[in-house]
Each structure stands twice: as C-alpha cells, then as structure tokens.
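Worksheet for the structure shown next.
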Amino acid sequence: MKKLIVACFLTVMMASAHATPEQDRLALRAFFQERFPKLDLNEMINGLYAFDEGAREQWLEMEDFPPYEIAIEEGEEAFNKPFANGKTYADCFANGGMGVKQDFPYFDVGTGEIITMEYAINKCRTDNDEEPLPWLVGELAQIAAYMAYTSRGNKMNVVIPDDPRALAAYEAGKEYYYTRRGQLEFACENCHMQSAGMMLRADRLSGMLGQATHWPVYRSKWGEIGTIQKRFQECNSQVRAKPYEAQSQEYRQLEYFLSYMSNGMELNGPASRR
Amino acid sequence: MKRNLYLPFSALLAVLMSPASAMAADADEYVAALEKAQSQICEAATRVQLWNTSEALLEEAAEAAAKGNFDEGIKLANEAALHAELAVATAVREKKNWHLYVPK
C-alpha cells in the first residue's frame, strides 16, 4: 500500500514538472490573452505590428510592394531547376513541396533528428549529389520563401509524436527559450514574453506566439531575405551569448519548440520586417 | 578559431630567444592561464551557456602573447576565464530555475 502511494506521488510530481506540449501551448495563449485582453491573438503572426499602430501602417505600405517578391520568384526558379541527375526538389517532399510548410519542423522517427524546412532542402540536395547551400541567406532562403508562399493560409501543424526522443527535443528547445544567458543574462522569454509590446531602444518587441509563422523574412536591416535561425543568432548576440551554428541541434530544437507554440495559427510567410 | 587557442609559434620563438628567465616564467604562466581559460570555456559550452566574449578575449590574449607581451596575454586569458566562469554560474542557477518562468 505504502509503495503504491509513493508511486502515485511520483507520477503527480512528474506530471507537474513536465506539462505536455499542448498544455504549454494553451498556457502560453492564456498568458498573452491576459497580458493583452483586447488583442486578437491571431494578429500576433504579424509580430511587433500587432502592438504598434504607427509601425503597422508603415509596414502595410511596404507590403504594397513587398520586398520579398523577387526572392519568391528566384526561389521558384531554383526550386524547379533539375539537379544534375534529373531529379528535382519536388521529388524530396510530400505533395511535391507545395503547401507543406505547416508540417515543419518535424521529428524524423528513423534518425531521431529534428528536420526544419531548410534542413530538408539541403538534405534533398546532398541526397542528389549536389553541394549544400549556405544556411542563412541566398538561394536556400529563396527556395524556403517560395515554399512558404505556397503554404500561405495553411495552419501551423507541428507534430510531436509519442516518442521520448521527440519529447526530449521539444523539452530541450523549451529549456533553451526560458533560460537566461549571455553576459546580459536575458532569456528569450524576458524580451518576447515579459517585455512583449514594449520598446527596447528603437525596437518594439514582438511576442513569442506567432513568431514562427512567417519565415523566411526580408529585413530592411539585412537588405535581403533570411531564415529564422539568422534571427536566433542575432537575438543571442544581442545579449552577448555565443550564437550557435545555423541548423545546429540546439537551434533545430529551439525552432521545434517555438513552432509548436504557433500551432493552429495561419502561415503568412514570407514576410517583411524593419 | 582553434589555431588561435594554442601558443603561436612566434610566441615560442620570443621565449626561446629571450635571455631573461623572468620572460620564460611569464610564458609558462601565460600557457597556464590559457589552459585554465580553455577548460572553463569548454565547461560553459558544454552547459549551453558560452558568452560571445570569452573566445574573442582569448584571441586577443594570443595576439598579445605572440608579440611577447605575456602580462597582457595573462590578463586577457584570465578575463576570458572569468567570463566563462560567470556563464557556468548562470548555467547552474538557470538549470534549477528556468521552468519557473514557463506559464502554467
């Protein structure tokens, strides 16, 4: 009898220490709804523009002639260009790669790896004896922009299968997000939850919810289209933490967690930001 | 990056060609400081907490040592080590605390 009580106690403890991803997601939405009672949470796919009327107007003007349009066109061309062996990117993806962005990143049961869309694009290349492309900007980001464009309007649908390795990857990403780091000792959470909607020097801070729906992004500061992991690197550097390599295990886990938090939200990539 | 972490050849030369034994002792001290910093940096990196300052400081340390300026090299290596030590302290604390910030 005693044993049983102890066992139950442990189960309860475990459950409270490890909320399920779905419990996390709902709690996060509740957090933002409480912070911003009047805000339609679905607006958060537009990042800081959900909070800043003035900046939003400027941004909408910019969207009249979207600066990422050329990237989509170039991405489409690159996407359709056959490899030396005659195969194409379309052969590597479900549904020929069209309208599939909502399923990324996913957990690959065979290898135990988290597969982001950029990771899958380069894997498609190396599987077909092509050189991998640089991760952060350029052709890879353009192809990702085209694939994101064909997925617009779909709802984010990241799956965490019932596999301890998938859950461990999710938990690692979550721990990364909430851990203070760098010389300034800031967690992602400090800026994108506690301070969401507030100003940090010249920038208004976006909230975590919806932060993964609109990538890749054309940033005026970059002058080109770049991937979400380029942004991760910048956010790490800002607090004087050493950034990870793009598509490192750490960043793929982080992207897995961050994307799951946006589940159910509409995809609106590629996007433009200041 | 990696090659900068070792005592550069030119620094070794500076030591070998120097008649003053005080200089040689400084070089040994520099190597000791360098190794201590490297091991602290590894510790911080293993804990997913490296600052972006430590390795840069170590590169500057190597540059100073390469010019035979071991005092400066030691100072910079110690600073690199301190930054890594502080990162480890954050790691230890955050390992306990991070889940407190997750909305329940």
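From (1) more than 14 Å from chain B (Cβ to nearest Cβ); (2) touching a helix residue (DSSP H, G or I) at 6+ places or on another chain (Cβ under 6 Å), pick out the condition that doesn't hold for A:GLU131.
That leaves (2) as the condition not met.
Check every one of the helices (runs of 4 or more DSSP H) wholly within region A:139-242 and list those with 3 or more residues that are touching a Pro at 6+ places or on another chain (Cβ under 7 Å).
A:139-149, A:228-238
Considering only residues that are of a type in the set (Gly, Ala, Ser) and under 15 Å from A:TRP215 (Cα atoms), which ones fall in region A:54-110?
Within region A:54-110, A:ALA71, A:GLY75, A:GLY99 qualify.
Looking only at region A:1-35, count how many residues are away from every other protein chain (no Cβ under 14 Å) and either outside any helix (DSSP H, G or I) or at pLDDT 95 or above (or both).
1
Of the residues that sit in region B:52-62 and are of a type outside the set (A, V, I, L, M) and in contact (Cβ under 8 Å) with a residue 24 or more places away in the chain, which one is farthest from A:TYR244 (Cα to Cα)?
Here the residue is B:GLU59.
For region A:153-164, indicate whether the set of residues that are acidic (Asp, Glu), in contact with a strand residue (DSSP E or B) (Cβ under 8 Å, 6 or more places away or on another chain) and either at negative phi or not assigned by TED's automatic domain parsing to the domain that holds A:GLY269 (or both) is non-empty.
Yes.
Residues to consider are A:THR111, A:THR126; find the one that is part of a helix (DSSP H, G or I), free of Cβ contacts under 8 Å to residues at least 60 places away in the same chain and loosely packed, with under 14 Cβ neighbours inside 10 Å.
None of the others qualify; the one that does is A:THR126.
Take the conditions assigned to a helix (DSSP H, G or I), modelled with pLDDT of 95 or more and in contact with a helix residue (DSSP H, G or I) (Cβ under 9 Å, 6 or more places away or on another chain) and apply them to B:LEU16. Does it pass?
no
A:TYR251 passes all but one of (1) in contact (Cβ under 8 Å) with a residue 24 or more places away in the chain; (2) assigned to a helix (DSSP H, G or I); which number fails?
(1)
Out of A:GLY207, A:GLY269, A:GLY226, report the one residue that is among the small types (Gly, Ala, Ser), away from chain B (no Cβ under 13 Å) and either surrounded by fewer than 19 Cβ atoms within 10 Å (Cβ to Cβ) or within 21 Å of A:LEU28 (Cβ to Cβ) (or both).
Of A:GLY207, A:GLY269, A:GLY226, the one residue that is among the small types (Gly, Ala, Ser), away from chain B (no Cβ under 13 Å) and either surrounded by fewer than 19 Cβ atoms within 10 Å (Cβ to Cβ) or within 21 Å of A:LEU28 (Cβ to Cβ) (or both) is A:GLY269.
The values are calculated or read from the model by the stated rules, or taken from the named source; none is laboratory data. Everything numeric here is computed off the predicted structure, so don't read it as measured data. Virtual Cβ from ideal backbone geometry, glycine too; neighbours counted across all protein chains shown.
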